[in-house]
Ligand SMILES: NC(=O)c1ccc[n+]([C@@H]2O[C@H](COP(=O)([O-])OP(=O)(O)OC[C@H]3O[C@@H](n4cnc5c(N)ncnc54)[C@H](OP(=O)(O)O)[C@@H]3O)[C@@H](O)[C@H]2O)c1
């Protein structure tokens, strides 16, 4: 008989939480019972999921008293920091979308196409990486395996949905006179070179996350990386320019074939026909789209890529559900 599992979705009413539900609906696991949690503001609300009305429950310290096998946390850092340890103490394995545990030594940071073996080194919590990091490491992993990466320069163009519901409301606000809920300046008609807070070294926390999370996922703790992360007035899907310096010489055609044959990637690259990845085309998809694949002639063995993915799907929900699937397979 097939084992039945009980899974809690924390933050089920938010952008990531609702996308998790969509991805789970597509998977249609027959052997999972779900419970949906959010803040007290949503307690009692109904969410249509798997052709049923699910009642959202308020998350509190007793929510894990009845046993859950797995919980996907999508409710921000404070909620993860407070409630994930409680869940783990009750025997639940947590897949966490927040950044709080990502760099902890005993917490694996996993992209299933890249470092699936790390999932099983967990002590109860597995972190989902930052959305902009997830889409970057998919093409970087095969390049690192074949040509060994020497240095990475990231420049990101990140959608407002990456900042949650309030980010979308700020873009919809449009007129600069209205009160902004998320960003320090109007995002409408602007590019903001600030994502998350500034650190003492003048980098933002988002840039720091991309640098340290890439190193952890690729198991390259000293890899030289720099990043500039920019919020742009796009509703959904992050775009990234990735400049990579490789140790070994490469042939451009071989790189394209390598990326085409790598899991989770769709190569979308035909300059003559004006074909390259676009946020509007990546929207709603689970794959990472890679194009503008070309040599950087300013250095030896330099490569430029343009990488686009749906930050709510592969950047958050899809990746979390893939981790859940791997845990269940075990
Ligand atoms: N957006 C992205 O592209 C993205 C990508 C990767 C990772 N993440 C991470 O995923 C998490 C969720 O992001 P989001 O964009 O989905 O945010 P969001 O749209 O603002 O949703 C936040 C969710 O958290 C719930 N929540 C807030 N306080 C709570 C509490 N005290 N107890 C229980 N639930 C509570 C909210 O419930 P109510 O509806 O009741 O307020 C809502 O369901 C964050 O950690 C974020 O950093 C986001």
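The values are calculated or read from the model by the stated rules, or taken from the named source; none is laboratory data. Computed from a prediction, not measured in an experiment: that's the story for all the values here. Quick reminder, even Gly has a Cβ in these numbers, built from the backbone with ideal geometry, and neighbours come from all protein chains shown.
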### Summary
Those residues of region 179-197 which are surrounded by fewer than 21 Cβ atoms within 10 Å (Cβ to Cβ) and in contact with a helix residue (DSSP H, G or I) (Cβ under 9 Å, 6 or more places away or on another chain) amount to 179, 180, 181, 182, 183, 186, 188, 194, 196, 197
### Hey, residue 78 within 16 Å of the ligand (Cβ to nearest atom) and either over 23 Å from residue 315 (Cα atoms) or surrounded by 19 or more Cβ atoms within 10 Å (Cβ to Cβ) (or both) or not
no
### Task
Look through region 81-111, keep the residues that are more than 15 Å from the ligand (Cβ to nearest atom) and in contact (Cβ under 8 Å) with a residue 40 or more places away in the chain, and return whichever of them is farthest from residue 209 (Cα to Cα).
92
### Query
Can you pull out the strands (runs of 3 or more DSSP E) entirely within region 34-115 that have at least 3 residues that are closer than 19 Å to residue 330 by Cβ and assigned by TED's automatic domain parsing to the domain that holds residue 13?
70-73, 93-96
#### Entry: Given (1) closer than 23 Å to residue 131 by Cβ; (2) surrounded by fewer than 20 Cβ atoms within 10 Å (Cβ to Cβ), index of the condition residue 305 fails
(2)
## Note on the structure
How many residues of region 30-75 are surrounded by fewer than 14 Cβ atoms within 10 Å (Cβ to Cβ) and more than 10 Å from the ligand (Cβ to nearest atom)? The answer is 16
### Task
Looking at (1) assigned to a loop (DSSP other than H, G, I, E, B); (2) more than 15 Å from the ligand (Cβ to nearest atom); (3) surrounded by 21 or more Cβ atoms within 10 Å (Cβ to Cβ), find the lone condition where residue 140 falls short.
(1)
### Task
Could you grab me the full set of residues in region 157-182 that are more than 13 Å from the ligand (Cβ to nearest atom) and in contact with a strand residue (DSSP E or B) (Cβ under 6 Å, 6 or more places away or on another chain)?
157
### Query
In region 114-122, is there at least one residue being surrounded by 20 or more Cβ atoms within 10 Å (Cβ to Cβ), within 15 Å of the ligand (Cβ to nearest atom) and under 19 Å from the mean Cα position of the chain (by Cα)?
no
